[in-house]
Amino acid sequence: MGNTKEHIFLLVQSGYSAKNFILSGFLNQDKAKITFWSDQDYINEYDIDNDYIKLPEYAYNGKLNFIQKIKNKAELFYNTKKFKNKNYLSYLIGINDSKSIKVKFKNSITSSIAKFYATEKGIEKLDIPFYKETRKTDYYKECVKQLKKHNPTVVFCTHQRASNAVAPMLAARDLGIRTVCFIHSWDNIPKGVQLVKADQYFVWSNYMKNEMETHYPFINADSIKVTGTPQFVSYFSDDYRLTREEFLSKFSLDVNKKYILFSGNDKTTSPNDPRYLKDLCEVVLKLNTISSTVYNIVFRPNPIDRNDGFDKVLEDYKAIVTELKPDWFGSETFVWNKGGPSKKDLLLLVNTILHSEIIVNMGSTMALDAALLNVPSCYINYDVKSEYNWTVKRTYNFIHFKMIKEIDPVFWINNQDEMFAVINQALNNPEKTADGRKKWIDRITLLPIKRTNERMWNYLLDKNEV
């Protein structure tokens, strides 16, 4: 590399990605120039010193969307056959039954075509029309112009499933620019739609590397680098930790009480969360009649898809539950790619977990965040009457839950009647799941966490070192 610095274009297209790579200290290095290449206007609100280049306007393309749906289904149909596991199809189920004949016809057509391409070679063949159509778009052509103008040496994409990252990464590859893609989450690989192609992939752990090799055998194994994830680096920084007294005082919570955290999912993942919060409130009321400790609930809603059904529960149980709203830039719109977590929200998230006795939710990977902070979690695993085409089985049948069930890092609430007993056990015997929590951490992310950025930069600078 000599005295010439690498010029990294950091392709950021989600609020979570921005938080992971800005607030983790990833930018704190002098080995390369980093330019943000993004459609996330709020990035400047982080007060970064880096240049920011706004991506061209992305326009919806019906033909591309059609091929993308076929690609997604083809991968899942193929994996269903390859692994003899129908649970891959769970990723295709929505919460609403569409009555539209047009929608049903379109789904039938995409499924029929996808079944034809549901082979390893067939999936690769779908890239040909997909990229051919991508190259025709104005979005792709403008990305080429921006890359030629600024001449980066590496384009680093922070999320492999962002559909509007396809054209920028394809443009870079067509121009001979080295491309790297970070697999955003530990549970993403079995879901299909490995949309973004790159020269190298960064994954959290050897577990994920094995998943990549298994699900995408046409990707060169040597190009998959185990780095860990910057998502957790800040959790162990003094900059984001408050004492219990500081935290409770900051949010007007009673220092004489102990807190149970209920974390809400987006409405698609768990539309019945308001009912589960209500059930937890009833448990806490009962606990407080028999325990010398007084418990209250802190509620953290999903920052981009808050279920309106929570409002009545919060009003009915306002004596024991307090909502701690996420602090996001652009949160008034709650659009996935138009806002992101502020530094204040990361501090809120870390300390809400750290100073709660336990976390309760329906299958959220917030349980992994909690495990890293040595806080036990309870998974709700029962159905309630609902207007939605939804069941807890839809979530817990997902492929990534197989590993969770094997190592058992959480307390399971398998029906409403046992919620009180399970919550009571989790509060009084948190060590029951300690071994499972440790196994989850060891399997999911490369340790030590504090060296994550160092590992990423070694690979980004092509030193091939860890």
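The values are calculated or read from the model by the stated rules, or taken from the named source; none is laboratory data. Just so we're clear, the structure is a prediction, and the values are computed from it rather than from any experiment. Neighbour counts are summed over all protein chains in view; Cβ atoms, including those assigned to glycine, are modelled from backbone coordinates with ideal geometry. Protein only, heavy atoms only, side chains kept; ligands, DNA and RNA dropped before computing areas. Shrake-Rupley method; radii C 1.70, N 1.55, O 1.52, S 1.80 Å.
Quick notes on this structure:
- In region 334-349, the condition of being charged (D, E, K, R), open to solvent by 10 Å² or more (accessible area, probe 1.4 Å), more than 20 Å from TYR382 (Cα to Cα) and in contact with a strand residue (DSSP E or B) (Cβ under 7 Å, 6 or more places away or on another chain) is met by no residue.
- Subset of region 30-44 [open to solvent by 80 Å² or more (accessible area, probe 1.4 Å) and within 26 Å of ALA167 (Cα to Cα)]: LYS33, ASP41, ASN44
- Of all residue pairs spaced 6 or more apart or on separate chains, those with beta-carbon atoms under 8 Å, a first member in region 37-54 that is within 12 Å of LEU27 (Cβ to Cβ) and a second member that is at pLDDT below 85 and surrounded by 17 or more Cβ atoms within 10 Å (Cβ to Cβ) are ILE43/GLY340.
- For GLN160, the conditions (1) open to solvent by 10 Å² or more (accessible area, probe 1.4 Å); (2) modelled with pLDDT under 95; (3) not hydrophobic (A, V, I, L, M, F, W, C) all hold with the exception of (1).
- Being assigned to a helix (DSSP H, G or I), under 21 Å from THR365 (Cα atoms) and among the charged types (D, E, K, R) is a property that ASP279 has.
- Subset of region 246-266 (residues that are surrounded by fewer than 19 Cβ atoms within 10 Å (Cβ to Cβ) and either under 10 Å from ASP305 (Cβ atoms) or of a type in the set (Val, Ile, Thr) (or both)): VAL255, ASP266
- Search result, residues across region 306-329 that are open to solvent by 50 Å² or more (accessible area, probe 1.4 Å) and in a loop (DSSP other than H, G, I, E, B): ARG306, ASP308, LYS318, ALA319, LYS325, ASP327
- The requirement of being under 24 Å from GLU133 (Cβ atoms), open to solvent by less than 10 Å² (accessible area, probe 1.4 Å) and not hydroxyl-bearing (Ser, Thr, Tyr) is not satisfied by MET212.
- Selection from region 1-43 of residues that are in contact with a strand residue (DSSP E or B) (Cβ under 6 Å, 6 or more places away or on another chain) and assigned to a helix (DSSP H, G or I): GLY15, ALA18, LYS19, TYR42, ILE43
- Within region 142-153, the residues that satisfy the criterion of being surrounded by fewer than 13 Cβ atoms within 10 Å (Cβ to Cβ) and in a helix (DSSP H, G or I) are LYS145, LYS148, LYS149.
- Helices (runs of 4 or more DSSP H) completely within region 154-263 that count 1 or more residues being within 18 Å of the chain's Cα centre (by Cα): 206-215
- Residue satisfying all of: in region 48-63; under 24 Å from the mean Cα position of the chain (by Cα) and either in a helix (DSSP H, G or I) or surrounded by fewer than 15 Cβ atoms within 10 Å (Cβ to Cβ) (or both); modelled with the highest pLDDT among these: LYS54
- Leading residue by the ranking (nearest to TYR276 (Cα to Cα)) among those in region 293-302 that are open to solvent by 10 Å² or more (accessible area, probe 1.4 Å) and in a loop (DSSP other than H, G, I, E, B): ASN302
- Scanning region 69-84 for residues that are surrounded by fewer than 19 Cβ atoms within 10 Å (Cβ to Cβ) and in contact with a Phe, Trp or Tyr (Cβ under 7 Å, 6 or more places away or on another chain) returns a single hit, THR80.
- Counting only helices (runs of 4 or more DSSP H) that sit completely within region 73-141, those holding 2 or more residues that are at pLDDT 90 or above and over 28 Å from MET169 (Cα atoms) correspond to 101-116.
- Unmet criterion (only one of (1) touching a Phe, Trp or Tyr at 6+ places or on another chain (Cβ under 6 Å); (2) farther than 30 Å from THR35 by Cα; (3) open to solvent by less than 20 Å² (accessible area, probe 1.4 Å)) for THR110: (1)
A quick yes/no check of all residues on (1) touching a residue at least 40 places away in the same chain (Cβ under 8 Å); (2) β-branched (Val, Ile, Thr):
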| position | (1), (2) |
| --- | --- |
| TYR240 | yes, no |
| ARG244 | yes, no |
| PHE251 | yes, no |
| ASP254 | yes, no |
| THR269 | yes, yes |
| LYS286 | yes, no |
| ILE290 | no, yes |
| VAL298 | yes, yes |
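- Qualifying residue in region 272-285 (condition: among the hydroxyl-bearing types (Ser, Thr, Tyr) and open to solvent by 10 Å² or more (accessible area, probe 1.4 Å)): no
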